[in-house]
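For reference, the structure discussed in these notes is given below.
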Amino acid sequence: MPDATDHRTATADLEAVLASLAYLLTRSQEHERQAARAGITAARSDVYLLRALAEAEGASRVGDLAARLMVKPSHVTRQIDRLQSQQLVERTPDTADRRARQVELTAEGLATLDRLKRANIAGLTDALDGIPEPDVAATVTVLRHLVERYVHRVRTTVLPDDGPPPNRPASGAPSASGAAPASRPPAHH
C-alpha cells in the first residue's frame, strides 16, 4: 500500500518531468521550427489566442479572451493588433453593445491554426512512437485533471485582484481539452 512518501516522490518526479517538457515545448527555437513547418509567423502567445478564438466558435470580446487566457485585456489588444495586421483575425461590431467590438478568426486564421495543429500533432506522433496508446490516453486524462485544478487555483487565488471578479465565472474559461488547458499553458504577460 503506497504511503505519503511514495506520493511526494511521485509528485516530485512529475514536477521534474513537467518542468522539462514545458522547457522543451516552449523554447523559442521549437516554436519557430513548428511554425515554419506550418508556414506561419505568429508568436507563441498569439497561437494561444488563435486557439481560444477557435474554441469560442464565434466572435468574442477582448475582456472575455483576456479572462480565458488569464492575462490583462491590454495584452490581448496588442495581440489582436498583430494578428489583424496578418489578416488572421478581424474586429466586428458587437451586436449587443454598439460601443464595443468583438474579435473572430478569419478563414486564413483558422487555416493557419489548423496547419500549426497538424505540425504539432506530427511532432507528437514522432515523439510518442512506440508508447502504447493506453499509456498516452492515461497521460491525457491525468494532465487534463492537473490543468483544470491549476486553472481553478489561479482563478480563485491569483486573479481576483487582476482579473474578473471572484464571484463571476470567467467567460470562456479554458477547458482541459482545448485552448488554455492541456494543449497549452496560459499566455504570458
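Any idea which residue in segment 94-127 is surrounded by the fewest Cβ atoms within 10 Å (Cβ to Cβ), counting only those that are modelled with pLDDT under 90 and touching a strand residue (DSSP E or B) at 6+ places or on another chain (Cβ under 7 Å)?
The residue in question is ALA100.
With respect to the numbered conditions (1) in contact with a Pro (Cβ under 8 Å, 6 or more places away or on another chain); (2) within 22 Å of THR106 (Cβ to Cβ), which one is the sole condition not fulfilled by ARG44?
Result: ARG44 fails condition (1) only.
Tell me whether segment 142-151 contains one or more residues that are over 25 Å from GLU57 (Cβ atoms), charged (D, E, K, R), at pLDDT below 85 and surrounded by fewer than 15 Cβ atoms within 10 Å (Cβ to Cβ). Show your work before the answer.
The initial filter retains those residues of segment 142-151 that are over 25 Å from GLU57 (Cβ atoms), namely 142, 146, 149.
Checking the rest, the ones that are also charged (D, E, K, R) come to 149.
Filter once more, keeping what is at pLDDT below 85: none.
Among the residues of segment 142-151, not one is over 25 Å from GLU57 (Cβ atoms), charged (D, E, K, R), at pLDDT below 85 and surrounded by fewer than 15 Cβ atoms within 10 Å (Cβ to Cβ), which makes the answer no.
Where in segment 1-73 are there helices (runs of 4 or more DSSP H), lying fully within it, with 3 or more residues that are surrounded by fewer than 17 Cβ atoms within 10 Å (Cβ to Cβ) and of a type outside the set (Gly, Ala, Ser)? Walk me through it before giving the result.
Working: elements: 4-26, 28-38, 44-56, 62-69.
The helices (runs of 4 or more DSSP H) meeting that bar are 4-26, 28-38.
Looking only at segment 103-139, count how many residues are touching a residue at least 12 places away in the same chain (Cβ under 8 Å) and not in a helix (DSSP H, G or I).
Total meeting the criteria: 4.
Against the definition (surrounded by 14 or more Cβ atoms within 10 Å (Cβ to Cβ) and not in a helix (DSSP H, G or I)), how does ILE80 come out, yes or no?
Working: surrounded by 14 or more Cβ atoms within 10 Å (Cβ to Cβ): yes; not in a helix (DSSP H, G or I): no.
For ILE80, the condition - surrounded by 14 or more Cβ atoms within 10 Å (Cβ to Cβ) and not in a helix (DSSP H, G or I) - is not met.
The values are calculated or read from the model by the stated rules, or taken from the named source; none is laboratory data. All values reported here derive from a predicted model rather than from experimental measurement. Every residue, glycine as well, gets a Cβ built from its backbone with ideal geometry; the counts of neighbours run over all protein chains shown.
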